[in-house]
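Here is the structure we will look at, set down as structure tokens.
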Amino acid sequence: MKRCLAVFLACVAVVVFTPGARAGEEESKRAENAVRVLKEVMMAPDKRIPSDLMSNASAIAVIPDVIKAGFVIGGRHGLGLISVKTSDGTWSNPSFISMTGGSIGFQAGVSSTDVILVFRTERGVDSIVHGKFTLGADASAAAGPVGRTAQAATDAQLKAEIYSYSRTRGLFAGAALDGSVIAIDNDANQAVYGEGMTPRRIFAGGVNSVPNAVVDFRDRLEEYTAR
């Protein structure tokens, strides 16, 4: 009996006192949700991100379940992932990111929205590598076109560095998200990739162990951007 009790207490001690025993579980769930959103959006026959736009992107961010709430003064917050196109044309391991923003005007209630950002240039990517940037201020953003090709884009959209999309209650369309701040989630990156891991090192392939859900996010991007 005493021996069984000792074994039990030893197991408890391992679970409780082993650093990072559950590290990365929440982040893996976040990656799974991002994969789900990407898959559902790209499987839509007519309301999807144009394939040619995806193929020419410099980076793609997916932020599932962005919560928007407020009464007159509102705000939004969500957690997601971003991958960048590497020099050989493949997609990098993703960095974890957060999105926050606020608004003033007649509004009330709470809603959950899936957000996808398609970066057309490397300038926005460079900004986020250094920590954070604001849509519409540090990089021009516009509601993105939907359909099988990007021919529906207007002249104003074509000048944008980032195309933004949102999906609320099943409706998917381009959406203006100016003022939203995209920032690197360093805590999540370290939980998944290890202490001291920077976005630049992640994008450059300097990680050894990557959870399956995170690998799946990268693989889905490869599938949906294949020419």
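The values are calculated or read from the model by the stated rules, or taken from the named source; none is laboratory data. Just so it is clear, the structure is predicted and the values come from calculations on it, not from any experiment. We place every Cβ from the backbone using ideal geometry, glycine too, and count neighbours over all the protein chains shown. The accessibility values were calculated without ligands, DNA or RNA, using every heavy atom of the protein model including side chains. Shrake-Rupley method; radii C 1.70, N 1.55, O 1.52, S 1.80 Å.
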- Area accessible to solvent at Y163, 1.4 Å probe radius, in Å²: 0 Å²
- Item | Exposure rank, largest accessible area first [R36, R169, R201; 1.4 Å] | R169, R201, R36
- Query: Could you give the nm distance between label points at E195 and D46, where each point is 7 Å from its Cα heading toward the beta carbon?
  - Reply: 5.6 nm
- Message: If I model a spin label as a point 7 Å beyond the Cα along the Cα-Cβ vector, how far apart are those points for S112 and A173 in nm?
- Response: 2.2 nm
- Item | Virtual paramagnetic centre 7 Å along Cα→Cβ of E25, amide N under 16 Å, in the stretch 165-195 | 191-192
- May I ask you to list the lysines whose Cα is less than 30 Å away from that of K132, ignoring any residue fewer than eight positions away on the same chain? K29, K39, K47, K68, K85, K159
- Rg over Rh [alpha-carbon atoms, Kirkwood Rh] for the stretch 156-213: 1.11
